[in-house]
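Input: a single structure, listed below in C-alpha cells.
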Amino acid sequence: MSNVTNKLSERSVASLPATWVSLANYRQYTAFGTTTADAVTITLLQATDASGTGSKTLVAAVAPTLVGSSSAMASDLDAANDFAFVSATVTGTGAVGVGVRTDGRFSE
C-alpha cells in the first residue's frame, strides 16, 4: 500500500486556480469539478512558473452533468517553451474543484 500513497499528491485545493503545481516529478494532473445546477467546465492550464507566468490552455472539457474531470500527462505540456506548471479552472453554477498530481515518477 505504500506505493499507492507515494503516487498520490499532497497538493489539492478547494478552489481552483489557487495553486500552480509543478509536474517535474509527476506524470499526470487531474482536476475534478462539480456544480450545483448545470454542466461543469474544467479547463487545464499550463504556465512557465508557479506564479502562472504565460499561462495558456492545455485542454478544456465540458461534462454535461454536475460532476466531471479532466486529465493531462506531463508529456502534454509545451516543454519546448519551458511550460512545466499546471492548474485548472472549474466553472458552472456553484462550481468547486480540486486538482491532484498523480503517478509520481520516483516512488519506492
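On the principal axes of its alpha-carbon atoms, the stretch 18-90 has extents of 38, 21, 16 Å, going from largest to smallest. Per-peptide packing, taken as the mean over residues of other Cβ atoms within 10 Å, places 83-90, 36-43, 59-66 in the sequence 83-90, 36-43, 59-66 from highest down. Each of L58, S70, T93 was placed along the dipole of the stretch 15-104 (beta-carbon charges, centred on the mean Cα), and the one lying farthest toward the positive end is T93.
Read-outs: derived from the displayed coordinates by stated rules, not from any lab. Because the structure is predicted, anything quoted here is derived from the model rather than measured. A quick note on method: Cβ atoms are made from the backbone with ideal geometry, for glycine too, and the neighbour counts reach across all protein chains shown.
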